[in-house]
Amino acid sequence: QKTAKQIRQALVEEGLSVQLDLGTTTIGRKYAKADEVGIPYCVSIDDDTKNDGKVTIRDRDSWKQVRVRIEEIPDVIRQLCRLKLSFEACLKKYGEFKL
């Protein structure tokens with residue numbers, strides 16, 4: 001929860017609208033809910049985050065995902081939301097994350 005709140009705060013400081021979901025529903029249901037309300041990018045923290053310092057960014061339109069270092073998240077999400085960076089460019093830079 002601490003990491004999620006820190007990421008949320010960093011994104012808010014970038015001037016972005018953020019919804020934080022700390023509920024216990026499955027990630028699939030969380031993604032479906034976010035898609036339904038039109039959230040373009042989801043940032044997910046998982047069990048590997050503590051070990052590798054990375055979180056997952058999921059693109060609503062393609063459903064593709066990348067793993068990005070926590071400290072890069074505010075800049076990457078800001079650029080994506082302001083259309084200065086495409087998700088395709090993220091895929092090239094970080095590689096597609098597949099389960």
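The values are calculated or read from the model by the stated rules, or taken from the named source; none is laboratory data. Only a predicted model underlies this, so the values are computations on that prediction, with no experimental measurement involved. Neighbour counts are summed over all protein chains in view; Cβ atoms, including those assigned to glycine, are modelled from backbone coordinates with ideal geometry. Calculation scope for accessible area: heavy atoms of the full protein, side chains included, ligands and nucleic acids excluded. Shrake-Rupley method; radii C 1.70, N 1.55, O 1.52, S 1.80 Å.
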_Ala34 among the hydrophobic types (A, V, I, L, M, F, W, C) and under 20 Å from Gln9 (Cβ atoms)_ = yes
*Given Leu16, Leu20, Leu11, which one is open to solvent by less than 40 Å² (accessible area, probe 1.4 Å) and out of contact with any strand residue (DSSP E or B) (no Cβ under 9 Å at 6 or more places or on another chain)?*
Leu16
*How many residues are part of a helix (DSSP H, G or I), more than 11 Å from Tyr41 (Cα to Cα) and open to solvent by less than 70 Å² (accessible area, probe 1.4 Å) when one looks only at region 87-99?*
4
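Residues checked against (1) free of Cβ contacts under 8 Å to residues at least 12 places away in the same chain; (2) closer than 14 Å to Arg78 by Cα; (3) open to solvent by 60 Å² or more (accessible area, probe 1.4 Å):
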| site | (1), (2), (3) |
| --- | --- |
| Lys2 | yes, no, yes |
| Thr24 | yes, no, yes |
| Val43 | no, yes, no |
| Thr49 | no, no, no |
| Val55 | no, no, no |
*Tally time: how many residues in region 35-61 are under 16 Å from Gln1 (Cα atoms), at pLDDT 95 or above and among the aliphatic types (A, V, I, L, M)?*
2
_Scope region 57-70; condition surrounded by 18 or more Cβ atoms within 10 Å (Cβ to Cβ) and closer than 19 Å to Gln9 by Cβ; matching residues_ = Ile57, Val68
_region 71-86 - residue that is of a type in the set (D, E, K, R) and closer than 14 Å to Lys54 by Cβ and, of those, most open to solvent (accessible area, probe 1.4 Å)_ = Glu71
